[in-house]
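The values are calculated or read from the model by the stated rules, or taken from the named source; none is laboratory data. Keep in mind that what you see is a predicted model, and the values were worked out from it rather than measured. Cβ placement follows ideal geometry from the backbone for every residue including glycine, while neighbour counts extend to all protein chains displayed.
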Amino acid sequence: MDFLLLLKRPIVQITIAIILIIYLMSGENWLFCSLLFLGFIWILIFLKISKKQFIILIIIIVLFGSYTVAMENYLKNYPQVKNGEKINVEGIITTVHKQLEDKVIVTIKERGIFKPKIKLTIYDLEENLYPGLYIAASGLFLQPAKRSNPGGYNEEKNLFANFTYGKVITDTSRLTIRQSTSIRGILGRWYYSICKQCEKFLGKDYGKILSGMLIGAKESIDEDVVTLFRVSGLSHTMAVSGSHVMYLMAPLIFLFSKLSLKRRRYYPLITLVLIVFCLLTCMKPSVVRATIMALCILGADYFYEQYNALNALCFSAFCLLLCNPLVIYDIGFILSFTCVLSILLFYSPTYKLFKKNIITSVATLTFVVQLGVTIVSGKIFYTIYSYSFIVNLLVFPVRMVVTILGWLMIIIPFVGQFLSVIVFTLLDYILVIASYFSSLPLATISLSYISPFLISIYFLLIITLLYSKNRKVSLILLLILTFTIIIPYITKPPLRVVFFDVGQGDCHLIQTKKEDIVIDTGPYAPINSLSHFTGQTIDYLMLTHSHEDHIGGVNEMLKRFKILNIIIPDVNDEYFTKLEQQLANTSINIIRVSAGEQLLLENMTIDFFNPIEKDYENTNNTSLVLKISYDEVSLLFTGDCEQLVEEQLLEIKEQLDCDILKVAHHGSNTSTGLEFYQAVTPIISIISVGYNRFNHPSEETLQRLKNYVRTDEFGAIIITYNNRKLSMTTEKK
């Protein structure tokens, strides 16, 4: 296959080998990565690479493997203080993540070439911050958290990918801010000036959107606008990427060529502009990648050498990995390289299938980018945006014009007022398109877990279809892909129960072959973690009672999932009354239940033991108490009910016996009395709890429990029932 000849290039081989060893040494899916490694070695043998090349590759693999382990240990052990202790930090702001009313989140780079960064959350700060400012602060040091739920956010990996070793919480009383005279400080003031000029010409709202499109300054953009762009598939519009570099380089080359200047005279100037732009936009991996590739284009032309895009892409990856091998976990890095690789591999053979013109060219470019990015994005975010291809097709040329005119508006202020009218109109067009498509049914579709093996087969299938005429190979790959999609459903256990780690709150999933039942949402819904198991549809959402730590994520879940039924306690509660009114005109079925009712599902019975009364003085006592029985296993969920309800439940003492108990009220001493616990006699008790000021769980309660597991210590707790045996795993090993 001609495609395999691409792997004969040394820089391609080196880059693939480096990425594989970094993933193997720092990742979690060692089995999959080992298989990839073996496959890569087999291909190299098939291509008959020389012994010298093979030895060089082995040396590089050993060096980068050691480098990866050393970098990870360096960041883990860098802080001189322990988690929760006071720390003093100082440095230059490299990135402003969020500028909210009550807090600002920034990343600062400590002084010194090899010094890492730290993420700073500053409360009660009224002034605007921007990159380049000098900050000195003292505050509470927090180690980055590892992933505590399947499919959840891995803070440690994300921060390490940006060479950041931890977080600090502080406020204005423990903070010093001043201007910096460094190059970064000068560029930071220009960054701030561009943001203000955009707002001056376009107004506050549209100005923030334009500054996001020009230099990635999206820290102050309204969250609703960010959501709108994300749901419509336009998130990249407000993220500086490779296209922005091309929008700068192409007009400059065109302008200088029209002035009849020789390229050897103006290429150095364009090089300087690109480097300054890279620094101005905070050296995000996607911009660094694009800048290096652009410099490769200029360099090849300058020295009359042939430019090869794949070599340039691999060289840019090598440079980034040399600076920080853990950057492979940065989302911008992943999506940026996926996007360009999709263009390089898929564009040419796909474009040949159509009549050659500007429309098919743009359509093909947009299509092949979506072809690659959609499945990778689905893997990362557990979501696909259904209308992304159409939206990007409609917005792509407009986005290019907005970016070019936006820069002209900033650089040539005296024509700014005239250009601002055009830019405002075009931004309005983009917002209308985004708003329309994001409001359509199924604008977002939640996906369950996508294995890396499935992604590999997916890309192999596309490559085979585009580059090979061997239909047998394509058919085999298609069958493997189909089997890979189906196998999770075949191997799904008859019963799986997940107690998610949502901090101080409750959120649980009961999953059978046919039904997905969620009990409570926590203070925030672990959306990706739920989607990891359920995909788009949730059959039943049960809300035990109306406290924020149990229903805080309801609206988030309503936006993300297709929920068929919501079960609530039949009590006098204002929140549930409003929820019924809110969902009155939807297809969601609201079911009120009280003690004595039963829900019969296939192979499963759910008995409701509470609420016994309509009114309780304490909202905790309105909690649904329910027993789930499946085959020979049973689980008792108690919400936050307290001893008053427990005493009432002792009247049906014989029905309380179960295998697994979800301990009430996060292990508070107001619940799980001795007599109640002895009536339940569980094999294991689960305490859903996080950091809190109530000292939950209480020592008194813990002493009563014979065998228990806590989400704050073990992360998500997953219990499976298969072949009439119970087994338990936890996310934090």
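In table form, for the structure just shown:
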| item | result |
| --- | --- |
| Tally of residues being under 14 Å from residue 18 (Cα atoms) and touching a helix residue (DSSP H, G or I) at 6+ places or on another chain (Cβ under 7 Å) across segment 35-52 | 3 |
| Answer residue from segment 363-382, given it is aromatic (Phe, Trp, Tyr) and under 23 Å from residue 453 (Cβ atoms) and is surrounded by the fewest Cβ atoms within 10 Å (Cβ to Cβ) among those | 381 |
| Scope segment 466-479; condition in contact with a helix residue (DSSP H, G or I) (Cβ under 8 Å, 6 or more places away or on another chain) and either surrounded by fewer than 16 Cβ atoms within 10 Å (Cβ to Cβ) or outside any helix (DSSP H, G or I) (or both); matching residues | 468, 470, 473, 478 |
| Which listed residue is touching a strand residue (DSSP E or B) at 6+ places or on another chain (Cβ under 7 Å), of a type in the set (Ser, Thr, Tyr) and over 22 Å from residue 279 (Cβ atoms), from 164, 176 | 176 |
| Contacts under 7 angstrom Cβ, first residue in segment 448-469 being within 19 Å of residue 43 (Cβ to Cβ), partner part of a loop (DSSP other than H, G, I, E, B) and polar (S, T, N, Q), 6 or more apart | 452/29 |
| Selection count, segment 258-300, where residues are more than 38 Å from the chain's Cα centre (by Cα) and closer than 26 Å to residue 13 by Cβ | 0 |
| Filter result for the condition that a residue is touching a Lys or Arg at 6+ places or on another chain (Cβ under 6 Å), of a type outside the set (Val, Ile, Thr) and buried (at least 22 other Cβ atoms within 10 Å of the Cβ), over 656, 636 | 636 |
| Helices (runs of 4 or more DSSP H) contained in segment 243-353 and holding at least 1 residues without any contact (Cβ under 8 Å) to a residue 40 or more places away in the chain and among the polar types (S, T, N, Q) | 263-280, 309-323, 331-351 |
| Residue list for segment 628-645, restricted to those being among the acidic types (Asp, Glu) and under 27 Å from residue 726 (Cα atoms) | 631, 632, 640 |
| Test: residue in segment 507-519 that is assigned by TED's automatic domain parsing to the domain that holds residue 664 and polar (S, T, N, Q) | yes |
| Where residue 686 falls short, out of the listed (1) crowded, with 22+ Cβ neighbours inside 10 Å; (2) in a loop (DSSP other than H, G, I, E, B); (3) of a type outside the set (Phe, Trp, Tyr) | (2) |
| Breaking point among (1) buried (at least 18 other Cβ atoms within 10 Å of the Cβ); (2) in contact with an Asp or Glu (Cβ under 7 Å, 6 or more places away or on another chain); (3) over 25 Å from residue 719 (Cβ atoms), for residue 616 | (2) |
| Pairs with Cβ under 6 Å, 6+ apart, first in segment 702-724 and farther than 18 Å from residue 512 by Cβ, second assigned to a helix (DSSP H, G or I) | 704/674; 704/677 |
| Residue that is farthest from residue 600 (Cα to Cα) [pool: residues in segment 537-566 that are among the polar types (S, T, N, Q) and surrounded by fewer than 19 Cβ atoms within 10 Å (Cβ to Cβ)] | 555 |
| Hits in segment 689-717 - residues which are outside any loop (DSSP other than H, G, I, E, B) and under 23 Å from residue 626 (Cβ atoms) | 701, 704, 708, 709, 710, 711, 717 |
| Subset of segment 122-146 [closer than 19 Å to residue 165 by Cβ and surrounded by fewer than 20 Cβ atoms within 10 Å (Cβ to Cβ)] | 136, 138, 140, 142, 143, 144, 145, 146 |
| Residues satisfying the stated conditions in segment 133-155, i.e. over 14 Å from residue 529 (Cα atoms) and within 13 Å of the chain's Cα centre (by Cα) | 155 |
| Members of segment 545-563 found to be assigned to a loop (DSSP other than H, G, I, E, B) and over 12 Å from residue 448 (Cα atoms), listed by number | 545, 546, 547, 552, 553 |
| Boolean, residue 68 is of a type outside the set (A, V, I, L, M, F, W, C) and in contact with a Pro (Cβ under 7 Å, 6 or more places away or on another chain) | yes |
| Considering residues of segment 223-242 that are outside any helix (DSSP H, G or I) and hydroxyl-bearing (Ser, Thr, Tyr) only, the residue nearest to residue 287 (Cα to Cα) | 241 |
| Qualifying positions in segment 273-315 - closer than 27 Å to residue 63 by Cβ, polar (S, T, N, Q) and out of contact with any Leu (no Cβ under 9 Å at 6 or more places or on another chain) | 308, 311 |
| Qualifying residue in segment 424-444 (condition: free of Cβ contacts under 8 Å to residues at least 40 places away in the same chain, among the aliphatic types (A, V, I, L, M) and at negative phi) | yes |
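This table checks each residue for (1) over 21 Å from residue 569 (Cβ atoms); (2) touching a residue at least 40 places away in the same chain (Cβ under 8 Å); (3) of a type outside the set (Ser, Thr, Tyr); (4) in the same structural domain as residue 520 (by TED's automatic domain parsing).
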position: 640; (1), (2), (3), (4): no, yes, yes, yes
position: 654; (1), (2), (3), (4): yes, no, yes, yes
position: 662; (1), (2), (3), (4): no, yes, yes, yes
position: 691; (1), (2), (3), (4): yes, yes, no, yes
